[in-house]
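The values are calculated or read from the model by the stated rules, or taken from the named source; none is laboratory data. None of these values were measured; they are calculated from a predicted model. Virtual Cβ from ideal backbone geometry, glycine too; neighbours counted across all protein chains shown.
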Amino acid sequence: MYSLIECLLLSFRIIDLNPEGGILFYNHQVTKPMGQIVIEPMRIVIALGGNALLRRGEPLTAENQRHNIKIAAETLAPIAHEHDLVITHGNGPQVGLLALQNAAYKSDTTFPLDILDAESEGMIGYLIEQELSNLLPTERCCATLLTQIEVDPHDPAFKHPTKPIGPIYSEDEAQRLARKQGWNFALDGGN
């Protein structure tokens, strides 16, 4: 298994400026006995999973998320100094928390999932942007871009969810909430 940095280094385009010196790949490190290696600036897409932003079993707090995003930003900042990064992220725990907060609100109407998803995108993007900007020179700009989701409301996948959102419940609690709220539950991949 490779570390994040090793995976990114393996994807770089290496240009040989000295045709007499070869590029050797040894133990997934690039070495060049003669000449120079130049790594062209690239646009690199990095995906951070929702559970990487909020570790399994951690309380769904802003402090925990900021701490975990700071760790990710510290890993990504050296790469961002030389390359353009496009960072995408999961949001299952975060949008699940918003859905629970939404369900607790005593109103005739609640916010639909697409709006809650956009809210979580903005929150996570803001935290990534803030933590990464703290580690980069001021001339390196960061921006958050929200995307739209389009789904068929009659998609049969809604009856059998495979990508759960929100916290992890015991089997008894999930059954109780399913009866009470009419929610569908699925086993989390880590259980």
Which numbered condition trips up K163, out of (1) touching a residue at least 24 places away in the same chain (Cβ under 8 Å); (2) assigned to a helix (DSSP H, G or I)? (2)
Selection from region 75-105 of residues among the hydroxyl-bearing types (S, T, Y) and modelled with pLDDT of 85 or more yields T75, T88
Looking at (1) closer than 30 Å to D152 by Cα; (2) in a helix (DSSP H, G or I); (3) modelled with pLDDT of 80 or more, which is the only condition A52 fails? (3)
Taking region 124-144 as the region of interest, how many residues are within 17 Å of the chain's Cα centre (by Cα), in a loop (DSSP other than H, G, I, E, B) and either exposed (fewer than 14 other Cβ atoms within 10 Å of the Cβ) or hydrophobic (A, V, I, L, M, F, W, C) (or both)? 2
Can you list residue pairs whose Cβ atoms sit under 8 Å apart, with the first residue in region 114-143 being of a type in the set (V, I, T) and the second being part of a helix (DSSP H, G or I) and surrounded by 14 or more Cβ atoms within 10 Å (Cβ to Cβ)? Count only pairs 6 or more apart in sequence or on different chains. I124/L53; I124/Q65; I124/I69; I124/Q94; I128/I69; I128/A72; I128/A73
